[in-house]
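Asks: Mind having a look at this structure? Questions to follow.
The values are calculated or read from the model by the stated rules, or taken from the named source; none is laboratory data. Bear in mind the structure is a predicted one, so any value in this text is a computation, not a measurement. Note: ideal-geometry Cβ built from the backbone for every residue, glycine included; neighbour counts use all protein chains shown.
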Amino acid sequence: MAQFTKATSIKDWLNQRLAIEKVEKVMASEYWIPKNINFLWAMGMVLAITFALLLVSGIFLLMYYQPHVDLAFDSVNYTIMREVDFGWLWRHIHGVAASVVFLVIYIHMFTGIYYGSYKKGREMIWISGMLLFVTFSAEAFSGYMLPWGQMSYWAGMVITNIFSLGDLHLDGLVEWIRGDYVPAQAFLSRFFMLHVLLLPLVIIGLIGLHFAALRIPHVNNQDGEEIDFEAESKKYLAGDKAGSKVMRFANDFMSKDMMIVGIYLIFFFYLVFYNYSFALDPVNFDPADMLKTPTHIYPEWYFLWSYEILRPFSVNIGLIAFGFAQVIFVLLPWLDRSPNTVPASRRGLFQIWFWLLLIDMIVLTAMGKLPPEGIFSTIGLVAALMFIVLWIALPFITMNEKKV
């Protein structure tokens, strides 16, 4: 009894100073989620769990990694993989999570497009999500440099050359980013800092912003129905849980989330133990050699679609197309002129636009992995032009859409 009284007094003391109960209500037990949602709404929690796996595995790898051009390759491929107990496991977890996280991001992103999660006051949800996508991309790129293998070195060379901006010849900017004329110790050191400190801090901050943006207008639902959350929450609190259209974030929605997360983790650890090789580029098992260029340089699969938009054109036009591809998704809430918040399946031409965009990005991804020769070059060019045309056409497709 004395221990219970003591615990209660500590809780009261903290509650008076930190408003623990109020924060818990605002962020969990009285944060209301629509009932009419499907498993795709769990992708946010899946992403949070995957980021946690990346964070924890990264900390263990950091204990043995050496950020030096003469030591980095061996510290990853020999020390961690052969000398450290279960070092291989942490590397496989980190590598698989770094790849799978983008698969989940793309599912999450296209779910938002399909169900119109960016409309009617939810613009900040979409913008913060796209900022997270960009930051995760930068985090993945910086991490890809750290093993200091052949593909690390040459991918770093190619990507940083983009910042010369073609005929503008901003070579000084490229040298400033690298810290040298070519990727070397300064380059590895600064990308190590970005990967283990600065970018993870930005990601954590953006996750907080994304969740805060979700809290105010509430998440949407698979029917596009406008719900009176105040009235429906009163029904729930009055005991009419079956008649209410909403449920608590904790623990109603969380319990459903955890079921999806459990299924995901089975799939994830199957990849970690049995099919991890897709996340480890074989070319990167050769030490970096500035005198030996790999036959075909290409980025990881999650960057291939934007890389293929750059590749078919001349340098200047390619850079413009590449820049267009990087920013256009952020502008989606303003390019979609329709007043409808219903799913794409009920929006006529927009449904066709959505599936064409998805198929086009899959084609771009496939072509980005193949050498730009013969029919592959032609398909890549057509797919890149299709991507640009689809986005230019979106405002015209949606501006005359009838209210459903």
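Asks: Enumerate the pairs (first residue in the stretch 110-134 and surrounded by 21 or more Cβ atoms within 10 Å (Cβ to Cβ); second residue anywhere and charged (D, E, K, R) and in a helix (DSSP H, G or I)) with beta-carbon separation below 9 Å, excluding pairs fewer than 6 apart on the same chain, so at least 6 apart or on different chains.
Replies: That search, which allows pairs on different chains as well, returns nothing.
Asks: Sticking with this one: Restricting attention to the stretch 348-367, does a residue exist that is under 25 Å from Glu401 (Cα atoms), in contact with a Ser or Thr (Cβ under 6 Å, 6 or more places away or on another chain) and touching a residue at least 60 places away in the same chain (Cβ under 8 Å)?
Replies: no
Asks: Looking only at the stretch 68-81, count every residue that is closer than 14 Å to Phe192 by Cα and surrounded by fewer than 20 Cβ atoms within 10 Å (Cβ to Cβ) and tell me the total.
Replies: Residues meeting the conditions: 3.
Asks: Hey, another quick one. Which of the residues spanning the stretch 54-65 are buried (at least 18 other Cβ atoms within 10 Å of the Cβ) and either touching a residue at least 60 places away in the same chain (Cβ under 8 Å) or part of a loop (DSSP other than H, G, I, E, B) (or both)?
Replies: Result: Gly58, Tyr65.
Asks: Would you say Ser255 is among the small types (Gly, Ala, Ser) and over 27 Å from Ile49 (Cβ atoms)?
Replies: no
Asks: Further, regarding this structure: Filter the stretch 238-258 down to the residues that are touching a residue at least 24 places away in the same chain (Cβ under 8 Å) and exposed (fewer than 12 other Cβ atoms within 10 Å of the Cβ) and list them by number.
Replies: none
Asks: Only one of Val69, Val104, Val76 is assigned to a loop (DSSP other than H, G, I, E, B) and at pLDDT 95 or above; which?
Replies: After applying the criteria, what remains is Val69.
Asks: Check Ser233, Ser277, Ser189 and return the single one that is of a type in the set (S, T, N, Q), in a helix (DSSP H, G or I) and without any contact (Cβ under 8 Å) to a residue 24 or more places away in the chain.
Replies: Being of a type in the set (S, T, N, Q), in a helix (DSSP H, G or I) and without any contact (Cβ under 8 Å) to a residue 24 or more places away in the chain holds for just one of Ser233, Ser277, Ser189, which is Ser277.
Asks: Would you point out the residue of the stretch 1-53, among those that are over 27 Å from Ile105 (Cα atoms) and aromatic (Phe, Trp, Tyr), that is modelled with the highest pLDDT?
Replies: The extreme case among them is Trp13.
Asks: A further question on this structure: Collect the residues in the stretch 164-175 that are in a helix (DSSP H, G or I), surrounded by fewer than 17 Cβ atoms within 10 Å (Cβ to Cβ) and not small (Gly, Ala, Ser), keeping them in residue-number order.
Replies: Asp167, Leu168, Asp171, Leu173, Glu175
Asks: Another question about this same structure. Kindly check whether there is at least one residue in the stretch 304-322 that is surrounded by fewer than 16 Cβ atoms within 10 Å (Cβ to Cβ) and of a type in the set (Phe, Trp, Tyr).
Replies: No, that holds for no residue.
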